[in-house]
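*Asks:* Okay, handing you the structure first.
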Amino acid sequence: MERRARFACIACRRLKRKCPKELPACSLCLRLEKRCEYPPRVRNSNEEAIRLSSTSSQSPNTIEEVDRQSSNRSQTEQHVGFPQVVKIVHRSINAFPSVFFLDSEVCVKPLSSDCNPPIPLATLLYSLSSETYGVHEQYFSTVHQWLPILSKKRVRRSMSESGLALDNPSQLLFLCMKLVSEPLLPGVSGRANGTYSSALEVLFKVENAYLPCIQFLQSVILLSVYEIGHGIYPAAYLHIGHASRLCVMMGFHDRKHAAQLFKDTITWTAREEERRAWWAVLCLDRFVNQGINGLPFAAPEPSPGELLPCSEMAWNEGGVGFNEPLFATSFSNNTSLGSFANVCQAAHVLGRVLRHRDELHNASLALEFRITEAKQLHGILASLCSHLREASRDSFSLDSSMSVALALCFSARIILCDLYACNEKYSTDHGRSSEEAELQREAMGSIFETVRYIWQVTRQMLDSIDQAGEGELDNISPLLCHCLYTAAGESEWLILEQEDSNAGIWLRDFVQLLQAIGRRWQVAGK
């Protein structure tokens, strides 16, 4: 029987002609004297990736050669803070399949998604050096509390097994964890921090030497958080865009319809880590767009079937959790949402408000549609705010993601209300509709109510700092600062317009909390 390929050859696919699928070359290509190649689906994906990269004279010819070069290079480098143990091998960038971008239809999930394959339970005996252990514990007791994107068990394993040869993804992640978890020395600016300079240098080297991986993406996210926290712009904005592009390239934003660079993960923890990385990028992207108008989002909107991160209890304990869907008809206190899932919800709604703000003067949108959308967003924010305040009533803490969720929700309410509360922002060319007048009254009342809510949370935080001391500031998130800054501005307006004595107390407390945060994150003092 004549052997035939399962799929049409690449040349026939591109010319949209019926391929006879003959092996080793189809008769159409032979007749036209063209090179006939079949898609890599019929070959081992790793062998195909190496084959494609071997067109360069500088590329290794086999996976074994890639590993041997990586091993030889790492043996000549010093290990800082880590015992020399068995290493996790990160693939060379030369193995990246260029055909993924040239014709993704013939390059389906070519790369392994996990540089940390599962190992027998009996071998899970990790040992960390004192320096590594210190950074590990500092990070997971501070930043991880309000940005829980790393798996504690996977990070610990990676750090103990990789040996952290210089300039590889494991060392980069270690540097970025150290960067965001250690306060700056007195008198040192965020840009002048030596660890920041080292992280940027290693980031450049890793990106140009290794295949993209989840550790690299996580490193870029943590680097962006550091830059946000110390007001390092435009670097923070650009690195968030970088992280978003990585997520999109890997297909994390839409598992069902987008091209997938990686094979499906075989563990729930690995998939949850990818999900949390994607949501963190979306949250940071919406956050940095609050203060500037008209810029497009770097991270696309979540897909309709997107799931939220699981609860922190399951995540922190290394177990398997349950994921609620993003799109729900109502907010219920009976759901098993964790605090980071609430942050993701708030960031998603904030994104809708920012898009509404940036399209305010879009002539192609009918006034009736804009007013209807504004009322819908107002109702969603009121429900979300009520849900978050109720959920945090008995479990609120300074280092929890819940404080970030509240801050994003409050910021979204103020941004939306500011669009409709001011008379000067309405056009008088065609008069004002009754719906606009009603919306203005609702916006005015909502601003006062939201600022009062922000002050109540601010008062809780100040009391926590007074009771626990300055060390409590190590746990606080810089993502609170924009909300506090906005609330301070609204309080000043209330003082000038209404001579409200309560607003004076609110303004004093907002400034006091910003000054306290400024001792940890320099953006609060800018």
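*Asks:* Within the group 219, 244, 224, which residue is open to solvent by less than 30 Å² (accessible area, probe 1.4 Å) and either more than 25 Å from residue 166 (Cα to Cα) or in a loop (DSSP other than H, G, I, E, B) (or both)? Steps first, please.
*Replies:* Working: 219 fails: either more than 25 Å from residue 166 (Cα to Cα) or in a loop (DSSP other than H, G, I, E, B) (or both); 224 fails: either more than 25 Å from residue 166 (Cα to Cα) or in a loop (DSSP other than H, G, I, E, B) (or both).
Unique residue meeting the criteria: 244.
*Asks:* Given the conditions (1) touching a Lys or Arg at 6+ places or on another chain (Cβ under 9 Å); (2) touching a residue at least 24 places away in the same chain (Cβ under 8 Å); (3) surrounded by fewer than 15 Cβ atoms within 10 Å (Cβ to Cβ); (4) farther than 25 Å from residue 526 by Cβ, report the number of the one that residue 439 does not fulfil.
*Replies:* If we test residue 439 against (1) touching a Lys or Arg at 6+ places or on another chain (Cβ under 9 Å); (2) touching a residue at least 24 places away in the same chain (Cβ under 8 Å); (3) surrounded by fewer than 15 Cβ atoms within 10 Å (Cβ to Cβ); (4) farther than 25 Å from residue 526 by Cβ, just (3) comes out false.
*Asks:* Still on this structure, I have one more. Consider region 501-526. How many of its residues are over 30 Å from residue 185 (Cβ atoms) and crowded, with 16+ Cβ neighbours inside 10 Å?
*Replies:* Applying the first criterion (over 30 Å from residue 185 (Cβ atoms)) to region 501-526 yields 501-507.
Keeping just the survivors that are crowded, with 16+ Cβ neighbours inside 10 Å gives 503, 506-507.
Counting residues in region 501-526 that are over 30 Å from residue 185 (Cβ atoms) and crowded, with 16+ Cβ neighbours inside 10 Å gives 3.
*Asks:* Evaluate the following for residue 487: is it touching a helix residue (DSSP H, G or I) at 6+ places or on another chain (Cβ under 7 Å), surrounded by 14 or more Cβ atoms within 10 Å (Cβ to Cβ) and modelled with pLDDT under 95?
*Replies:* Details: touching a helix residue (DSSP H, G or I) at 6+ places or on another chain (Cβ under 7 Å): yes; surrounded by 14 or more Cβ atoms within 10 Å (Cβ to Cβ): yes; modelled with pLDDT under 95: no.
Against the criterion (touching a helix residue (DSSP H, G or I) at 6+ places or on another chain (Cβ under 7 Å), surrounded by 14 or more Cβ atoms within 10 Å (Cβ to Cβ) and modelled with pLDDT under 95), residue 487 does not qualify.
*Asks:* Just give me the residues in region 466-494 being in contact with a Leu (Cβ under 7 Å, 6 or more places away or on another chain) and either outside any helix (DSSP H, G or I) or of a type in the set (Val, Ile, Thr) (or both), in sequence order.
*Replies:* Passing the criteria: only 476.
*Asks:* Hey, another quick one. What's the number of the condition residue 272 fails, among (1) closer than 20 Å to residue 193 by Cα; (2) in a helix (DSSP H, G or I)?
*Replies:* Every listed condition holds for residue 272 apart from (1).
*Asks:* I'd like the full set of residues that are open to solvent by 10 Å² or more (accessible area, probe 1.4 Å) and assigned to a loop (DSSP other than H, G, I, E, B), limited to region 189-207.
*Replies:* Across region 189-207, the qualifying residues are 189, 191, 192, 193.
*Asks:* Cβ-Cβ below 9 Å, separation at least six or inter-chain, first residue in region 170-184 and within 21 Å of residue 520 (Cα to Cα) and in contact (Cβ under 8 Å) with a residue 60 or more places away in the chain, second charged (D, E, K, R) and part of a loop (DSSP other than H, G, I, E, B): which pairs?
*Replies:* 183/519; 183/520; 184/520
*Asks:* Give the residue that is modelled with the lowest pLDDT, with candidates limited to residues of region 170-188 that are among the small types (Gly, Ala, Ser) and open to solvent by less than 10 Å² (accessible area, probe 1.4 Å).
*Replies:* Once the filter is applied, the top-ranked residue is 170.
*Asks:* Next up: Of everything in region 122-169, what is closer than 24 Å to residue 320 by Cα, in contact with an Asp or Glu (Cβ under 9 Å, 6 or more places away or on another chain) and modelled with pLDDT under 85? Give them in sequence order.
*Replies:* The answer is 126, and nothing else.
*Asks:* Does residue 238 qualify as being touching a Leu at 6+ places or on another chain (Cβ under 8 Å), outside any loop (DSSP other than H, G, I, E, B) and not basic (Lys, Arg)? Lay out the reasoning, then the answer.
*Replies:* Numbers: touching a Leu at 6+ places or on another chain (Cβ under 8 Å): no; outside any loop (DSSP other than H, G, I, E, B): yes; not basic (Lys, Arg): yes.
Against the criterion (touching a Leu at 6+ places or on another chain (Cβ under 8 Å), outside any loop (DSSP other than H, G, I, E, B) and not basic (Lys, Arg)), residue 238 does not qualify.
*Asks:* Working only within region 454-499, note down all residues that are within 27 Å of the chain's Cα centre (by Cα) and among the hydroxyl-bearing types (Ser, Thr, Tyr).
*Replies:* 458, 477, 485, 486
*Asks:* Something else: Any residue at all in region 259-278 that's free of Cβ contacts under 8 Å to residues at least 12 places away in the same chain, touching an Asp or Glu at 6+ places or on another chain (Cβ under 7 Å) and open to solvent by 10 Å² or more (accessible area, probe 1.4 Å)?
*Replies:* No, region 259-278 contains no residue that is free of Cβ contacts under 8 Å to residues at least 12 places away in the same chain, touching an Asp or Glu at 6+ places or on another chain (Cβ under 7 Å) and open to solvent by 10 Å² or more (accessible area, probe 1.4 Å).
*Asks:* Take the residues in region 290-326 that are acidic (Asp, Glu), assigned to a loop (DSSP other than H, G, I, E, B) and more than 26 Å from residue 245 (Cβ to Cβ), then tell me which one is farthest from the chain's Cα centre (by Cα).
*Replies:* Just the residues of region 290-326 that are acidic (Asp, Glu), to begin with: 301, 306, 312, 317, 324.
Within this subset, residues satisfying the condition of being assigned to a loop (DSSP other than H, G, I, E, B) are 301, 306, 317, 324.
Still in the list and also more than 26 Å from residue 245 (Cβ to Cβ): 317, 324.
Numbers: 317: 22, 324: 18 Å.
Checking each candidate, the answer is 317.
*Asks:* Moving on. Please find, within region 329-365, the residue that is farthest from residue 442 (Cα to Cα) out of those that are at pLDDT below 85 and open to solvent by less than 70 Å² (accessible area, probe 1.4 Å). Give the steps one after another, and end with the answer.
*Replies:* Initial filter on region 329-365 (at pLDDT below 85): 329-337, 360-365.
Then drop every residue that is not open to solvent by less than 70 Å² (accessible area, probe 1.4 Å), which leaves 332, 335-337, 360, 362, 365.
Working: 332: 25, 335: 30, 336: 32, 337: 30, 360: 18, 362: 23, 365: 22 Å.
Top of the filtered list is 336.
*Asks:* When you go through (1) surrounded by 21 or more Cβ atoms within 10 Å (Cβ to Cβ); (2) not in a helix (DSSP H, G or I) one by one for residue 212, which number turns out not to apply?
*Replies:* Only one criterion is unmet by residue 212, namely (1).
*Asks:* Is region 279-289 home to any residue that is touching a helix residue (DSSP H, G or I) at 6+ places or on another chain (Cβ under 9 Å), modelled with pLDDT under 95 and part of a helix (DSSP H, G or I)? Outline the logic, then answer.
*Replies:* Step one: list which residues in region 279-289 are touching a helix residue (DSSP H, G or I) at 6+ places or on another chain (Cβ under 9 Å), which gives 279-289.
Filter once more, keeping what is modelled with pLDDT under 95: none.
No; the residues of region 279-289 include none that is touching a helix residue (DSSP H, G or I) at 6+ places or on another chain (Cβ under 9 Å), modelled with pLDDT under 95 and part of a helix (DSSP H, G or I).
The values are calculated or read from the model by the stated rules, or taken from the named source; none is laboratory data. None of the values given here were measured: they were computed from a predicted structure. Counting neighbours? That spans all protein chains shown, and the Cβs are built from the backbone with ideal geometry, glycine included. All accessible areas refer to the heavy atoms of the entire protein, side chains included, with ligands and DNA or RNA removed. Shrake-Rupley method; radii C 1.70, N 1.55, O 1.52, S 1.80 Å.
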